[in-house]
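S.K.: Structure in C-alpha cells, see below.
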Amino acid sequence: MAGFSSFAPWDEPEKKPLIEIKSVSKFFGAFQAIHDLSVNIYEREFFAILGPSGCGKTTLMRMLAGFETPTSGQILLDGQDIGPIPPAKRPVNMMFQSYALFPHLTVEKNIAFGLKREGIPADETAERVNGIMKLVQLTDFGKRKPHQLSGGQRQRVALARALVKRPRLLLLDEPLGALDKKLRQQTQFELMNIQETLGTTFVIVTHDQEEAMTVSSRIAVMNNGEIAQVAPPMDLYEHPASRFVADFIGEVNIIEGRSGTANRGGIALAWNEGSDDLRVISDATPPVGTTVWLALRPEKVGIAKSRPEGKDNAVQGEVIDIAYLGNITTYHVELPTGAIIKAQESNLHRAANRGITWEDKVWVHWREDAGVLLTA
Amino acid sequence: MKSTPGQRLFVLLPYLWLLIFFLAPFLIVLKISLSDITISLPPYTPQFDISEGWAGFKAFFAELDFENFVFLAEDSLYVNAYLSSLKIAGISTVFTLLIGYSIAYALARSPQRWRATLVMLVILPFWTSFLIRVYAWIGILKTEGLLNQLLLHIGLISEPLVIMNTPTAVYIGIVYSYLPFMILPIYATLEKMDESLLEAAEDLGSSRIAAFFLVTLPLSLPGVIAGCFLVFIPALGEFVIPDLLGGSDTLMIGKTLWVEFFSNGDWPLASAVAIVLLLLLIVPIVLFQKQQEKQELGR
C-alpha cells in the first residue's frame, strides 16, 4: 500500500479503531519491557511493529495474543477490554515464528485443529479447511506431515491454521524470518494478497525494515519499549521524527549543526566554522542557536568534480570509499569536520564513468528540501 | 576396498561376544531343557560323549525330547506362575508409568538451571546396590517397620498394616526400583518439546488440559512406549523383589525357576521354565525394536 492508496483510517477522526492500546506498561521483575505505550490499530490494516531485538515488540505482540498481561494500562478490542480474556477465548490468532506446527498431525489436521476446538461441525470444518488450503496453495499437501514439507510450505500451513479461525486480528511473529531471501520477497506479496482478499487485520512483528516497508499500511518503530514513530512507510522514510527512526529505516547522513534564523520558509544551519551555512526547508523552527541535526538520504545527495552552479547546498570533501553495487554507486565523502557523507548516484547508463576516484576533491550537493531537520 | 585382518577382527568382536556369552549358554540351556533328570553329576542325561563317534551322536539326539515342556503346560502351577508374572509386571508398569510421567513432566517444566541437578537425583539411587535398596524396603514395610510406626504415630491407623509378604510389597518394590527407567525416556521426549506448540494449541482455542492431551501426550508417546518396555521386560522375570518382599504368597516365574533349580535340583525342568520365559520376553522385545526403528525412520 505504502501510501499509494487512499486507505488511511487513522486520518479519519470519526473512525473507531479495532485495537486500542492505552498507556500499557509491562514489567518483568524490575525490567520494564514496555513504557506507557499507546497506539490504535484500525480494521483491515496491515500494521507492522518494527524495531531492533529487545525493543519490546515481541512482548507487545504476546500481550495482544494473551500470553502476557499488561502490568498497567488496557488493551481494547472493539472497545472491550481483552485483558482478562485467555488466549483460547480471544478472536485473535497468532502465527508463531517457529510456526509451531504439530509434528504428529497432518497438514489438514493441523489446520482443522482450531475449528475442532470451537466445536464446528465436521462438514463445515472440511469445507473451511479446503478453502483455506486453496488460498495458500497447499491443496495437494493435506495428507503430509510437517517434516515432509519445505520451509515455505510450513510457513503457509502456519498461516492457514491461524486464518481458518477467521480471527478479527492476525498476529504474525517474524513470519518470513526462516525463509531465504528470494522466497521471502515472493511470500511478502502473497501475504499482502491474502490480507487484501480476506480483509483481516494483520499485525506483523519484524526486525526487517524492508519487509515492513513492503507489506504494511503503517509501521510503528519501537525502541526501548517505546514507540518512536507511527506512520505509513513513505512518511516514515521521508519524514522521520528522530535520528533513531531516520537511522533505523534505510541509510541516512546526519549533519549536526546549530539552527540559524528563519527566512523564505527555511532556516540556516551553521555546521562548520569557515563554511557557508546550509539552507534547509523545515516545518520545525527551533529557536536560534539550538543543536539540530540534518538527516539526508544518500540518494538525494549528488556528487560533482567542480563546484556545481545554482545548487542550494554544496560542500567540499574528499572521496575515501566507493561502493559499486551495479544499479547504484555509493561515494563516501569525508567533510572538513571529519563527518562522512554518503552520496548515491544511479547508474542510468552502462559503464557510466564519472571520472571520480579515491582521494579526489569533490563537491557533494543537495536541494534545500532534500533533508529533514531533526531536533531529537 | 580390502579390509585388513585387524579391521575384520574388530567387526567380528561383537559377534564373538554374543556367540560366547549369549548363544553358547542359550544352546546349553536349551539342550538341558530337552534332557531328563537323573541322580548323578551333572544331574541330567544324556551326556554327549565324543569318544563314541557318530553312533554316540545319534544316540544322544534320540534321547532328547519335549517332555519338560509338556509337563509345564499340564501342571497349572507353571501356567499360573507365568500368568501371575504377566499380571504383576503389567500392573507395576501401569503404576510406574503414572508416577514416572508425573515426575518426568515436573522435571521438564522445572527451571532450566535446576534440571541437571534434578535429573541427577533421579539417577542417584543407582549409586547404591539394587539389593541393598530392596532390603531397605523390608525395614520400611515390615509390621514394626518405619511406615507402620509413622502411620501409628500420627494416628492414621490403629493397627499395623500388613504389607510385607503380600503382592502390594512386590508392586511397591518394582515401581520403586524401575522408576528411573520410566522417567528418563519420557523426560527426554518432553524436554525437547517446543514450548510454542502448547501456546499454539492455546491460541487455537484449547484449554491447558486439552492441550496436554492433544499435544504433549501424543508427542511424548515414544518415550512412554520405551519406558514401558524398559520396565515391563525386566519386571516379568524379576526374582529378587518377589523373593525378598513378596514372601511365599507371591507366585512369580523367576521364583519358580529358582525353586526348581536350587530346591528341587531339577535342572532340565528349570531350563524349560527359562526357555519359555525367554520366548515370552521375545514378543515385547521385538515389538520394542520395531517401535525404535519406526522412531528412527520418522525423524
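Each reported figure results from applying straightforward, stated rules to the coordinates on display, with no laboratory input. From a predicted model like this one, the values you see are computed outputs, not experimental measurements. Because the Cβ atoms are built from the backbone with ideal geometry, glycine has one as well, and the counts that use them run over all protein chains shown.
S.K.: Under 16 Å from the Cα of A:Lys26, which lysines turn up, not counting those fewer than eight places away in the same chain?
M.R.: In chain and number order, the partners are A:Lys57.
S.K.: If you don't mind, another one. With a length cut of 24 Å (Cα positions projected on each helix's long axis) and a Kyte-Doolittle mean of at least -1.0, go through chain A and give me the DSSP H helices that pass.
M.R.: For chain A, where a helix must reach 24 Å along its axis and average at least -1.0, the hits are A:181-198.
S.K.: Counting other Cβ atoms within 10 Å, keep those with at most 11, restrict to DSSP loop, and tell me which chymotrypsin sites (Phe, Trp or Tyr not before Pro) in region A:283-366 are left.
M.R.: A:Trp358
S.K.: Next up: What does the charge add up to near A:Gln188, with Lys and Arg as +1, Asp and Glu as -1, over the other residues with Cβ less than 15 Å from its Cβ?
M.R.: On the way: positive: A:Arg156, A:Lys181, A:Lys182, A:Arg184; negative: A:Glu174, A:Asp180, A:Glu190, A:Glu196, A:Asp208, A:Glu210, A:Glu211.
Once positives and negatives cancel, what remains is -3.
S.K.: If you don't mind, another one. State, as an integer percentage, the relative contact order of chain B based on alpha-carbon contacts under 8 Å between residues 6 or more apart.
M.R.: It rounds to 26 percent for chain B.
S.K.: Here's a follow-up. To the nearest µm²/s, what D does Stokes-Einstein give for region A:64-195 at 25 °C and 0.890 mPa s, using the Kirkwood radius over alpha carbon pairs as Rh?
M.R.: The calculation lands on 157 µm²/s.
S.K.: By counting other Cβ atoms within 10 Å of each Cβ, how are A:Leu374, B:Leu219 ranked from fewest to most? Before the final figure, lay out each step's value.
M.R.: Values: A:Leu374 22, B:Leu219 18.
So the residues, fewest neighbours to most, are B:Leu219, A:Leu374.
S.K.: Just from its helices, what would the mean residue ellipticity at 222 nm be for chain B, if runs of 4 or more DSSP H residues each count -39500 (n - 2.57) and the sum is divided by every residue, rounded to the nearest 500 deg cm²/dmol?
M.R.: Values: 14 runs with 205 residues, N = 299.
Dividing the helical sum by the residues of chain B leaves -22500 deg cm²/dmol.
S.K.: What is the ratio of the Cα radius of gyration of region A:253-374 to 2.2 N^0.38 Å, where N is its residue count, to two decimals?
M.R.: Details: Rg = 14.7 Å, N = 122, 2.2 N^0.38 = 13.7 Å.
Rounded to two decimals, the normalised Rg is 1.08.
S.K.: For chain A, what size does the Cα cloud have along each of its three principal axes, sorted from largest down, in whole Å?
M.R.: Largest first, chain A extends 78, 49, 40 Å along its Cα principal axes.
S.K.: Let me ask something else. When the scattering of the protein assembly as shown is computed by the Debye formula from its Cα atoms alone, each counted once and equally, what is log10 I(q)/I(0) at q = 0.05, 0.07 Å⁻¹?
M.R.: Cα-only, vacuum Debye calculation for the protein assembly as shown: -0.47, -0.74.
S.K.: Quick one: net charge around B:Leu257, please, counting Lys, Arg +1 and Asp, Glu -1 for every other residue with C-beta under 12 Å from its C-beta.
M.R.: With Lys, Arg at +1 and Asp, Glu at -1, the net is -3.
S.K.: How crowded by other chains is A:255-268, given as the mean number of beta carbons from other chains within 10 Å of each beta carbon?
M.R.: 0
S.K.: Okay, next question. Cα extents of region A:138-209 along the three principal axes, largest first, in whole Å?
M.R.: 30, 28, 18
S.K.: What relative contact order, as a whole-number percentage, does region B:99-209 give when Cα pairs under 8 Å and 6 or more residues apart are counted? Mind showing how you got there, number by number?
M.R.: Values: 64 pairs, mean separation 40.3, N = 111.
Contact order relative to length: 36 percent.
S.K.: Would you order A:Ile356, B:Ile285 from fewest to most other beta-carbon atoms within 10 Å of each residue's own beta-carbon?
M.R.: Details: A:Ile356 17, B:Ile285 13.
Fewest to most other Cβ atoms nearby, the residues stand as B:Ile285, A:Ile356.
S.K.: Expressed as a fraction of 2.2 N^0.38 Å, the rule-of-thumb size for a compact globular protein of N residues, what is the C-alpha radius of gyration of region A:161-269?
M.R.: Normalised Cα radius of gyration, region A:161-269: 1.36.
S.K.: Let me ask something additional. With a Cα-only, solvent-free Debye model of region B:73-298, what are the log10 I(q)/I(0) values at q = 0.14, 0.17, 0.18 Å⁻¹?
M.R.: -1.00, -1.23, -1.30
S.K.: When the expected Rg is taken as 2.2 N^0.38 Å, what fraction or multiple of it is the alpha-carbon Rg of region B:157-258?
M.R.: Against the empirical 2.2 N^0.38 Å value, I get 1.52 for region B:157-258.
S.K.: Would you list, by chain and number, the lysines whose Cα falls below 28 Å from the Cα of A:Lys361, excluding same-chain residues fewer than 8 positions away?
M.R.: A:Lys361 reaches A:Lys300, A:Lys305, A:Lys311, A:Lys342.
S.K.: Please give the average number of partner chain Cβ atoms lying within 10 Å of the Cβ of each residue in A:80-91, rounded to a whole number. The partial results should precede the final answer.
M.R.: Working: counts 0, 0, 0, 0, 0, 0, 3, 8, 10, 3, 2, 0.
Mean partner-chain Cβ count within 10 Å for A:80-91: 2.
S.K.: A further question on this structure: State, to one decimal in nm², a quarter of the convex hull surface area for the C-alpha atoms of region A:220-271, i.e. the direction-averaged projected area.
M.R.: Values: hull surface 18.5 nm².
Result: a mean projected hull area of 4.6 nm².
S.K.: For chain B, find the longest principal axis of its Cα atoms and tell me its angle to the long axis of helix B:24-33, 0 to 90°, nearest 10.
M.R.: Roughly 70 degrees between the two axes.
S.K.: Right, something else. Please give the net charge around A:Ala112, taking every other residue with its beta carbon less than 10 angstrom from that of A:Ala112, where Lys and Arg add +1 and Asp and Glu add -1.
M.R.: Taking every Cβ under 10 Å from that of A:Ala112, the sum is +4.
S.K.: Taking only C-alpha pairs under 8 Å that are 6+ residues apart, what is the relative contact order of chain A in percent?
M.R.: Over chain A, the number comes to 16 percent.
S.K.: Residue by residue through region A:310-325, which ³J(HN,Hα) values in whole Hz follow from phi under the Karplus form 6.51 cos²θ - 1.76 cosθ + 1.60 (θ = phi - 60°), with glycine and proline marked x?
M.R.: x, 8, 5, 10, 9, 9, 8, x, 10, 6, 10, 7, 10, 10, 8, 10
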